[in-house]
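**Student:** Let me begin by handing over the structure; questions about it come next.
The values are calculated or read from the model by the stated rules, or taken from the named source; none is laboratory data. Fair warning: this is a prediction, and the values are worked out from it, not measured in the lab. Virtual Cβ from ideal backbone geometry, glycine too; neighbours counted across all protein chains shown.
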């Protein structure tokens, strides 16, 4: 991990401005097409959730501003790798927070997910034993194809872990579309960066292997 040189950062004024706001976060909901990823998951008998989560994490790790986190003393840390803290459901309709180590390799990422899923299904713990802000918080809401979304706000305006939610697939004109909600701290991330994330996410979903 290293630290951002804020004094020479082109967004220094933007960073300072948005930190004066009571709630500097903003959220966007957009659809991604998952037709290819869904078909491949079914053909290979893989988890569709893990398939698109891995594609999401590859995109997250490809956009530098999604690796920025505000720390104490007005520092901005830059994490080398961003992991996934996803909610995993239990049979009683509760859930646990996971901490899934990222890997470019789908097989390794899938194994990391499986280990976390087993831990959650065999415990009543809400929180994982390991955690770092070098992650994203994400949830799957496969029951609802939403067009807007609001995340809980802790009250800490320097909270800077991006929050994502994945919705129910809908079919339009022969395409399978899934809504994705992205909530980020505007002191660190702009609309352009979120656009880059969606572009890279879609490219990963469209890969045929």
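**Student:** How many of the residues making up the range 130-155 are free of Cβ contacts under 8 Å to residues at least 24 places away in the same chain and over 27 Å from residue 177 (Cα atoms)?
**Tutor:** Keep residues of the range 130-155 that are free of Cβ contacts under 8 Å to residues at least 24 places away in the same chain, which gives 152, 154-155.
Checking which are over 27 Å from residue 177 (Cα atoms) leaves us with 154-155.
Count: 2.
**Student:** When only residues in the range 155-177 that are under 19 Å from the mean Cα position of the chain (by Cα) and part of a strand (DSSP E or B) count, which is farthest from residue 30 (Cα to Cα)?
**Tutor:** Among residues in the range 155-177 that are under 19 Å from the mean Cα position of the chain (by Cα) and part of a strand (DSSP E or B), the one farthest from residue 30 (Cα to Cα) is 163.
**Student:** Now, a different point. Test each condition in (1) under 16 Å from the mean Cα position of the chain (by Cα); (2) at pLDDT below 95; (3) crowded, with 17+ Cβ neighbours inside 10 Å for residue 152 and report the one that comes out false.
**Tutor:** (3)
**Student:** Take residue 182 and decide whether it is touching a strand residue (DSSP E or B) at 6+ places or on another chain (Cβ under 8 Å), surrounded by 17 or more Cβ atoms within 10 Å (Cβ to Cβ) and outside any strand (DSSP E or B). Show your work before the answer.
**Tutor:** Details: touching a strand residue (DSSP E or B) at 6+ places or on another chain (Cβ under 8 Å): yes; surrounded by 17 or more Cβ atoms within 10 Å (Cβ to Cβ): yes; outside any strand (DSSP E or B): no.
Criteria not met by residue 182.
**Student:** Look at the range 81-100 and say how many of its residues are touching a residue at least 40 places away in the same chain (Cβ under 8 Å) and out of contact with any strand residue (DSSP E or B) (no Cβ under 8 Å at 6 or more places or on another chain).
**Tutor:** So the answer is 1.
**Student:** Do the conditions hold for residue 118, that is, is it in a helix (DSSP H, G or I), at pLDDT below 95 and over 21 Å from residue 180 (Cα atoms)? Before you say what the answer is, go through the steps one by one.
**Tutor:** Details: in a helix (DSSP H, G or I): yes; at pLDDT below 95: no; over 21 Å from residue 180 (Cα atoms): yes.
The answer is no for residue 118.
Yes or no, residue by residue, for (1) closer than 22 Å to residue 83 by Cα; (2) surrounded by 12 or more Cβ atoms within 10 Å (Cβ to Cβ); (3) free of Cβ contacts under 8 Å to residues at least 12 places away in the same chain:
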| position | (1), (2), (3) |
| --- | --- |
| 14 | no, yes, no |
| 20 | no, no, yes |
| 25 | yes, yes, no |
| 35 | no, yes, no |
| 43 | no, no, yes |
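**Student:** Could you give every pair whose Cβ atoms fall below 6 Å, whose first residue belongs to the range 56-73 and is closer than 15 Å to residue 2 by Cα, and whose second residue is at pLDDT 95 or above and in a helix (DSSP H, G or I), counting only separations of at least 6 or pairs across chains?
**Tutor:** Pairs that qualify, where the first residue is closer than 15 Å to residue 2 by Cα and the partner is at pLDDT 95 or above and in a helix (DSSP H, G or I), are 65/193; 66/60.
**Student:** Only one of (1) touching a residue at least 12 places away in the same chain (Cβ under 8 Å); (2) out of contact with any strand residue (DSSP E or B) (no Cβ under 9 Å at 6 or more places or on another chain) is not met by residue 173, so which one is it?
**Tutor:** Going through the list (1) touching a residue at least 12 places away in the same chain (Cβ under 8 Å); (2) out of contact with any strand residue (DSSP E or B) (no Cβ under 9 Å at 6 or more places or on another chain), residue 173 breaks only (1).
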